[in-house]
Amino acid sequence: MKSDTVIIRTLGLQDYLATWLAMQQFTNKRDLDTTDEIWVLEHPPVFTQGQNGKPEHILSQGTIPVIQTDRGGQVTYHGPGQLIVYTLIDLKRKKLNTRQIVTILEESVVQLLASYQIQAKAKCEAPGVYIENKKICSIGLRIRRGCSFHGLALNIKMNLDPFLAINPCGFPELKMTQMTEINKKVKLTSVGVKLVKHLIAKLGYTSHSYG
């Protein structure tokens, strides 16, 4: 059954706009028989402003481009060393609602971090994953025709300074952190492989392939 299978695509460093367009096209063209996909990648430096984004949360843009996108949430930053996982899933087929898929993303990251002896948690009032009061993973989704795209961004080994130019996710004074601040030996590639395994299990896929 198509609901039991997922295609994993490891894409490397990808332009944000081109990837966003590809996600839209995939979602617009998919039908009841389209296999779900999970895309694993990084982006060059970019600020993305969600559907609820307010201009005042960008404090200082500098040379980093700002892109108004169609995911939920407010402004965030993407850059090399941050693991991006986009989940292109037929939620109707999986019998999942928006809150349930967000919870699955959060729990997968929490379990992944625990495997590196990093204690983290989700917050009901603010989607994402946190270590104490610092945010390590942001989540933003778009649901169209019962199917999700966009996904999560997990900070691993990146330059966090651009986050100082925004109110991350619309929260003034929210501090960001990353895995290498706690465990300096982590590698983005291996983290991506482990996180995908958690997602596959939690989403109930019994088989997967690499595209």
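Conditions first: (1) among the hydroxyl-bearing types (S, T, Y); (2) in a helix (DSSP H, G or I); (3) surrounded by 18 or more Cβ atoms within 10 Å (Cβ to Cβ). S148 passes all but one, so which condition is the exception? Just one mismatch for S148, condition (2). Of the strands (runs of 3 or more DSSP E) entirely within the range 1-54, those holding at least 2 residues that are of a type in the set (A, V, I, L, M, F, W, C), in contact with a strand residue (DSSP E or B) (Cβ under 7 Å, 6 or more places away or on another chain) and under 16 Å from Y86 (Cα atoms) occupy 5-13, 36-42. On inspection, I200 qualifies as β-branched (V, I, T), under 20 Å from E107 (Cβ atoms) and under 17 Å from the mean Cα position of the chain (by Cα). Exactly one residue out of T69, T48 is farther than 22 Å from Q178 by Cα and out of contact with any Pro (no Cβ under 8 Å at 6 or more places or on another chain), and it is T69. Cβ-Cβ distances below 9 Å connect the following pairs, each with a first residue in the range 104-131 that is within 25 Å of L91 (Cβ to Cβ) and touching a residue at least 24 places away in the same chain (Cβ under 8 Å), a second residue that is surrounded by fewer than 20 Cβ atoms within 10 Å (Cβ to Cβ) and aromatic (F, W, Y), and a separation of six or more residues or different chains: A126/F171. Count of the range 1-37 residues, restricted to those that are at pLDDT below 95 and among the polar types (S, T, N, Q), is 1.
Could we say that L141 is assigned to a strand (DSSP E or B) and either without any contact (Cβ under 8 Å) to a residue 24 or more places away in the chain or crowded, with 22+ Cβ neighbours inside 10 Å (or both) here?
Working: assigned to a strand (DSSP E or B): yes; either without any contact (Cβ under 8 Å) to a residue 24 or more places away in the chain or crowded, with 22+ Cβ neighbours inside 10 Å (or both): yes.
Spelling it out, L141 is indeed assigned to a strand (DSSP E or B) and either without any contact (Cβ under 8 Å) to a residue 24 or more places away in the chain or crowded, with 22+ Cβ neighbours inside 10 Å (or both).
The values are calculated or read from the model by the stated rules, or taken from the named source; none is laboratory data. Just so it is clear, the model here is predicted, and its values are computed rather than measured. Glycine also receives a Cβ, built like all others from the backbone with ideal geometry; neighbour counts cover every protein chain displayed.
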